[in-house]
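I have placed the structure first, in the form of structure tokens, so that the comments after it can refer back to it.
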Amino acid sequence: MIILNFAHPLTPAHLEQIQTLTGEPVDDVVEVKTHFDNGQPFEPQLAVLLEEVPLTAEGWQTVPLLVNPPAYNYVALLLLAQLHGRMGYFPACLRLRPVKNAVPPRFEVAEILNLQKVRNGARKAR
């Protein structure tokens, strides 16, 4: 599995937690530096950002991917729309949470969000 990381760097402890939760080995982590200029439209900036991801059109559809989305909600929304278009389904995403009472502050992997499963379940409510 390849992790596309659009957020803060993941630690070895995070990778261990991810492997435990998914039951899959992490083969690679693609770090995508995510910074957007609020004075410019976001969609073109995202297009430039996604050029950094070393996947072909076939790779987007066949490589097992896990996404650590950016914290900035507008960018995350655009990213999910782009990924769904490239992959043909919603990707699974990481949810990190602060470790309670940790000094200095640190984060742990809380869960893997299966967005495609959520989408499929929501179809039943139509």
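See the values below:
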| quantity | calculated |
| --- | --- |
| Condition check for Q45: under 20 Å from K117 (Cα atoms), of a type outside the set (A, V, I, L, M) and part of a helix (DSSP H, G or I) | no |
| Hits in the range 64-87 - residues which are in contact with an Asp or Glu (Cβ under 8 Å, 6 or more places away or on another chain) and in contact (Cβ under 8 Å) with a residue 60 or more places away in the chain | P64 |
| Lone unmet requirement of (1) surrounded by fewer than 17 Cβ atoms within 10 Å (Cβ to Cβ); (2) within 22 Å of R119 (Cβ to Cβ) for D27 | (2) |
| Scan of the range 66-78 for residues that are within 18 Å of P9 (Cβ to Cβ) and either modelled with pLDDT of 95 or more or surrounded by 14 or more Cβ atoms within 10 Å (Cβ to Cβ) (or both), ordered by number | L66, V67, N68, P69, P70, Y72, V75, A76 |
| Among residues of the range 12-41, those that are touching a residue at least 12 places away in the same chain (Cβ under 8 Å) and of a type outside the set (D, E, K, R), counted | 14 |
| Set H14, H35: member being over 20 Å from R119 (Cβ atoms) and in contact with a Phe, Trp or Tyr (Cβ under 9 Å, 6 or more places away or on another chain) | H14 |
| Residue that is farthest from A7 (Cα to Cα) [pool: residues in the range 54-84 that are aliphatic (A, V, I, L, M) and not in a helix (DSSP H, G or I)] | V63 |
| Of residues in the range 8-21 being surrounded by 15 or more Cβ atoms within 10 Å (Cβ to Cβ) and under 14 Å from the mean Cα position of the chain (by Cα), the one nearest to L94 (Cα to Cα) | I18 |
| Extreme residue, modelled with the lowest pLDDT, among residues of the range 85-126 that are charged (D, E, K, R) and in a helix (DSSP H, G or I) | R123 |
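The values are calculated or read from the model by the stated rules, or taken from the named source; none is laboratory data. Just so it is clear, the structure is predicted and the values come from calculations on it, not from any experiment. Note: ideal-geometry Cβ built from the backbone for every residue, glycine included; neighbour counts use all protein chains shown.
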